[in-house]
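Working notes, beginning with the structure itself.
The values are calculated or read from the model by the stated rules, or taken from the named source; none is laboratory data. Keep in mind that this is a model prediction, so the values were computed, not measured. Please note: Cβ atoms are built from the backbone with ideal geometry, for glycine as well, and neighbour counts cover all protein chains shown. Side chains included, ligands, DNA and RNA excluded: accessible areas come from the protein's heavy atoms. Shrake-Rupley method; radii C 1.70, N 1.55, O 1.52, S 1.80 Å.
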Amino acid sequence: MTEGTGALVLFSGGQDSATCLAWALERFESVETVGFDYGQRHRIELECRDEFRSRIVELNRSWRARLGPDHMLDLSVLGQVSETALIRDAEIALRADGLPNTFVPGRNLLFFTLAAALASRRQLRHLVGGMCETDYSGYPDCRDDTLKSLQVTLNLGMGGRSTIHTPLMWLDKAQTWSLSKTLGGDGLVELILTSTHTCYIGVRDIWHEWGYGCGDCPACDLRKKGWEKFTLSSEL
Ligand code: ZN
């Protein structure tokens, strides 16, 4: 891997990775994005990516200069190894072990390993992801320890000195909104509100004050509560 100063952001088109993209644009000289297409039911999230990328650079001149190309990797193979509600036409429910059935085992390990290989080729030293241990669904591959361990493994296995950054790791959803506001003011908050997608079901035609979504799935519930807490604390 390289000693360069560029970053590769794992960018899904959701609220968390969109905030991470702004965080990276504020910090690194050059920033590229990578998305993974694994046949997820909410393809709408992937479609939000292009719109968000083209609009975020309108907020800040230096961000425009820093944002580089987008990469899309085909991970349809994940559909062959997992049976989840994200991919199949099934109800979102909790499994016997307490994890939602949207869980694709070890998904983030694959994402970061592929991202690290891509970053090496693109000479980007920093990897940025929106994983979070605070308001999360219990996915073990979102944990700080998992990602710190993975960083060590990737550096050993690829002979580099890459750093995995997870700026949202210890923030709750309300604090993630606050971070957006610090990074890009009301313009960025508004852009994330209208142009990112979080809903598991992929509902894009029902508007709420916290964004588009079904309003009932666990992802919508988390986003709604975070927005309410953020706006309440902003009013104080
Ligand atoms: Zn929803």
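List of remarks:
- Positions within the range 179-219 being open to solvent by 50 Å² or more (accessible area, probe 1.4 Å) and away from the ligand (no atom under 16 Å from the Cβ), in sequence order: Lys181, Thr182, Asp186, Glu190
- Top-ranked residue of the range 220-230 - restricted to ones that are open to solvent by 30 Å² or more (accessible area, probe 1.4 Å) and in contact with a Phe, Trp or Tyr (Cβ under 8 Å, 6 or more places away or on another chain), ranked as farthest from the ligand (Cβ to nearest atom): Glu228
- Residues located in the range 106-116, provided they are open to solvent by 50 Å² or more (accessible area, probe 1.4 Å), over 13 Å from Thr33 (Cα atoms) and not β-branched (Val, Ile, Thr): Leu109, Leu110
- Pairs where the first residue, in the range 143-155, is in a helix (DSSP H, G or I) and the second is open to solvent by 40 Å² or more (accessible area, probe 1.4 Å), C-beta under 7 Å, 6+ apart: Asp144/Glu133; Thr146/Pro140; Leu150/Leu109; Leu154/Thr113; Asn155/Arg161
- Number of residues in the range 18-27 that are in contact with a strand residue (DSSP E or B) (Cβ under 9 Å, 6 or more places away or on another chain) and open to solvent by less than 10 Å² (accessible area, probe 1.4 Å): the value is 4.
- Leu127 being more than 17 Å from the chain's Cα centre (by Cα) and either farther than 24 Å from Ile44 by Cβ or of a type in the set (Val, Ile, Thr) (or both): no
- Residue check for Leu171: over 24 Å from Asp50 (Cα atoms), free of Cβ contacts under 8 Å to residues at least 40 places away in the same chain, crowded, with 18+ Cβ neighbours inside 10 Å and not polar (S, T, N, Q): yes
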